[in-house]
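K.L.:
Before we start, here is the structure in question, set down as structure tokens.
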There are 2 protein chains.
Amino acid sequence: MTENLVPVGIYNRHLHLSQADLELLFGAGHQLTPTKPLSQPGQYAAEEVVNLIGFKNTIKKVRVLGPVREKTQVEISRTDSFMLGINPSVRDSGDLNGTTGIILEGPKGQIELKEGVIIAQRHLHLHTDEAAQLDVVDKQLIAVKFSGERGLIFDRVLVRVNPKFAKDLHIDTDEANAAGLVNGAFGEIVK
Amino acid sequence: MTENLVPVGIYNRHLHLSQADLELLFGAGHQLTPTKPLSQPGQYAAEEVVNLIGFKNTIKKVRVLGPVREKTQVEISRTDSFMLGINPSVRDSGDLNGTTGIILEGPKGQIELKEGVIIAQRHLHLHTDEAAQLDVVDKQLIAVKFSGERGLIFDRVLVRVNPKFAKDLHIDTDEANAAGLVNGAFGEIVK
């Protein structure tokens, strides 16, 4: 059942910026410079990078993804959070109320972000037609199985359905490393 | 069924040294200084730490576990391996043939280790009586389930049975972070 197979996209630490925060970090009127398209239509990796300054350490040159969003959002792994010395929650993208803050540093300035740092909940992007074919709905939690020497089943994979999405399972580097996965690996939806 | 519950022991990067390598790194006649007992009877964290020098970076102050072993063995996470710039295999402890090397640095010298770096295969230590009670045998592969917001089922958990062992599921930091676990969490054997 090939429709039950989902490709894996491994997300390293990255951030999305609001236009206001982009200008505070990179200068007035600054526009993001796209360098590489991502799996989701219209999304891209930008040339711009930012330093994340935590209580314990700084992680340098963290990639900005575009286009700009309404609110700035920083996505890191639990491993990163230990290095930085902060304690973010596991959240769905955009669900930022009450989340942890951090200091962002760009070439033109620093921002003390009050909230916006999350560990992204593992999630499966699906086009509306793919969701119908798989008989799953937006915000449903499903399970996805991986084989191999570090085989595991990820429970609580959040399904996100949108006519602008393409089938892609987004996990972070901790999850990919725990399962022994590289970009382009395939998992099987087992619900 | 409380006998199906297993406590989690999260292993950060660490190494075991042969007596010969211990002396090369810390000086002739050096003996390990135990500081903290581990979950497995007779095993301990030592005061001694060693630097791991990879192709890309050095990871400093990596803990030595005692007592000394016949062969030196370095256990790191996949995340660590990317930082170091080396590519170790996932292996059962002691299965070191053809594994990756690294440079070890102690206060009295360096060693170029030809092999011995592994990513430890997730495994469950069981006393012989516990294995009998659970109806599993040495080297069997089982599955262990964790709930919570990053819930998952680890497949391919290697069972190791020995009258000197105590029930403890050993996973590395990537696996713990992917599952949102801390030391002392409990998983359920689901076979």
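K.L.:
In this model, which of B:LYS71/B:LYS167; A:LYS61/A:LYS167; B:LYS167/B:LYS191; B:LYS71/B:LYS114; A:LYS139/A:LYS191; A:LYS108/B:LYS60 are farther than 22 Å apart at the alpha-carbon?
P.N.:
Among B:LYS71/B:LYS167; A:LYS61/A:LYS167; B:LYS167/B:LYS191; B:LYS71/B:LYS114; A:LYS139/A:LYS191; A:LYS108/B:LYS60, the Cα-Cα distance tops 22 Å for B:LYS71/B:LYS167; A:LYS61/A:LYS167; A:LYS108/B:LYS60.
K.L.:
Hey, what did chain B get for relative contact order, percent, Cα under 8 Å, at least 6 apart?
P.N.:
27 percent
K.L.:
Taking every pair of Cα atoms in the stretch B:62-130, average 1/r, invert it to obtain the Kirkwood radius, and report Rg/Rh to two decimals.
P.N.:
1.01
K.L.:
If you average 1/r over all unlike Cα pairs in the stretch B:90-168 and invert the result, what Kirkwood radius do you get in angstrom?
P.N.:
Hydrodynamic radius (Kirkwood, Cα only) of the stretch B:90-168 equals 14.9 Å.
K.L.:
Leaving out ligands and nucleic acids, note down the accessible area per residue over the protein assembly as shown with a 1.4 angstrom probe, in whole Å².
P.N.:
Here the per-residue accessible area is 46 Å².
K.L.:
Quick one: work out the % antiparallel among DSSP beta bridges in the stretch B:115-191, nearest 5.
P.N.:
70 percent
K.L.:
Taking all protein chains in place and a 1.4 Å probe, what share, in percent, of the accessible surface of the protein assembly as shown do carbon and sulfur account for?
P.N.:
52 percent
K.L.:
A further question on this structure: Among A:LEU152, A:LEU25, A:LEU84, determine the one that fluctuates most according to a GNM of chain A built with springs between C-alpha atoms less than 10 Å apart.
P.N.:
Looking only at A:LEU152, A:LEU25, A:LEU84, the biggest GNM fluctuation is shown by A:LEU152.
K.L.:
What number comes out for the charge environment of B:LYS71, summing +1 per Lys or Arg and -1 per Asp or Glu over other residues with Cβ under 14 Å away?
P.N.:
Computed value for this residue: -3.
K.L.:
If you take every DSSP beta bridge whose two residues both sit in the protein assembly as shown, what share of them, in percent to the nearest 5, is antiparallel?
P.N.:
70 percent
K.L.:
Inter-copy label distances at A:SER147, 7 Å along the Cα→beta-carbon direction, one decimal in nm, shortest first?
P.N.:
Ordered by distance, the counterparts are at 3.0 nm.
K.L.:
From Cα coordinates alone, what are the radius of gyration and Dmax values for the stretch A:1-97 in angstrom?
P.N.:
14.9, 52
K.L.:
If you project the alpha carbons of the protein assembly as shown onto the principal axes, what extent comes out on each, in Å, largest first?
P.N.:
66, 48, 36
K.L.:
Also, quick follow-up: I'd like to know which of B:THR2, B:VAL157, B:ALA120 lies farthest towards the positive end of the charge dipole of chain B, counting +1 on Cβ of Lys and Arg and -1 on Cβ of Asp and Glu.
P.N.:
Towards the positive end, the residue furthest out is B:ALA120.
K.L.:
Here's a follow-up. At a probe radius of 1.4 Å, figure out the B/A buried accessible area, summed over both chains, and give it in Å² to the nearest 100.
P.N.:
Rounded to the nearest hundred, the buried surface is 2000 Å².
K.L.:
Taking every pair of alpha-carbon atoms in chain B, give the share separated by more than 26 Å as a whole percent.
P.N.:
The answer is 34 percent, as a whole percent.
K.L.:
Related question: Need the C-alpha centroid separation for the stretch A:144-187 versus the stretch B:38-108, integer Å.
P.N.:
Here the answer is 29 Å between Cα centres.
The values are calculated or read from the model by the stated rules, or taken from the named source; none is laboratory data. In this text, all values refer to a predicted model and were calculated from it rather than measured experimentally. Note: ideal-geometry Cβ built from the backbone for every residue, glycine included; neighbour counts use all protein chains shown. Please note that ligands, DNA and RNA were not included when accessible areas were found on the heavy atoms of the full protein model with its side chains. Shrake-Rupley method; radii C 1.70, N 1.55, O 1.52, S 1.80 Å.
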